[in-house]
Amino acid sequence: MLRVLTYNVRRCLGLDGDVSVPRIASVIASCRPDIIALQELDVRRARSFGVDQAQEIARELDMKHVHFHPALKVMEEEYGDAIITAAPSCLIKAGPLPGMTRRPRLEPRGALWVRIAFGGRSFDIVNTHLGLGPAERRAQAAALLGPAWLGTEASETPAILLGDFNSLPGGRVYRRLSGRFRDAYRIAGRRAGPRCTFMSRLPMLRLDYIFVDRVLSVDRIETVSTPLARVASDHLPLVADIAVAN
């Protein structure tokens, strides 16, 4: 069973105003994931004390394989998303997703695609963080499902698409993605726990998702709402146990 976790860590800035990498790492460690997809990480940014948060979280968790994509880069300071794995993994692709040309000040968005060897099989993991505007999100979802990303010919390697989609269930982006993948919550059925991931202190919105290929099964999925998780970031982590269907 492959345990995957997605978590928007908001540059490790908690609701109490403290920036704490160890606290985020403790939340993650309590879930014992094999694969970690993180959004909103700071790397060498002054506001976060110059720390490479992706590497520091991996070090805290004793996980050796770290892949980071900066959606935003200014001089040496970077901000973006990461995939961290315990088992061997390799980068397939990292790059930007389309924004709105008429609104150049919108935060840049990207995606990160990693292949991991686990339990004698390979899995493709794609981590993303979509934009805040509906038109922006639709363009980004279309790009992810297009030939540059996951719209290539059928692969023998099953894929998991996860991250912060800034979208509600039933919306246009959700419907488009669930036409290609399956929402892990729908597969888990009665084995699913709480769904909402935002705002962490009083979660009322479901913005973070794990979508899986149709050859995969989901044994369990839930948000993690421990007292520590409720203060460590403005999102709650989402964790799922995934296997190849019989």
Given +1 on the Cβ of Lys and Arg, -1 on the Cβ of Asp and Glu, and no further charges, what dipole in debye does the chain carry about its Cα centre, rounded to the nearest 20?
840 debye
Multiplying the sequence separation of Val74 and Thr152 by 0.36 nm and subtracting their Cα-Cα distance, what value in nm do you get?
24.8 nm
For the stretch 203-246, what is the largest minus smallest coordinate of the Cα atoms on each principal axis, given in angstrom and ordered from greatest to least?
39, 17, 13
Kindly provide the helix-only [θ] at 222 nm of the chain, computed as the sum of -39,500 (n - 2.57) over DSSP H runs of four or more divided by all residues, to the nearest 500 deg cm²/dmol?
-5000 deg cm²/dmol
Over the stretch 147-192, one equal point on each Cα, no solvent: what is log10 I(q)/I(0) by the Debye formula at q = 0.32 Å⁻¹?
-1.29
Radius of gyration and Dmax over the Cα atoms of the stretch 2-244, both given in Å
16.5, 49
Please compute the net charge surrounding Leu207, taking Lys and Arg as +1 and Asp and Glu as -1 over other residues with Cβ under 12 Å from its Cβ.
0
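Where a number appears in this text, it was derived from the coordinates with a stated rule and is not lab data. Remember, predicted model here, so these are calculated numbers, not experimental data. Reconstructed Cβ throughout: ideal geometry from the backbone, glycine too, with neighbour counts over all protein chains shown.
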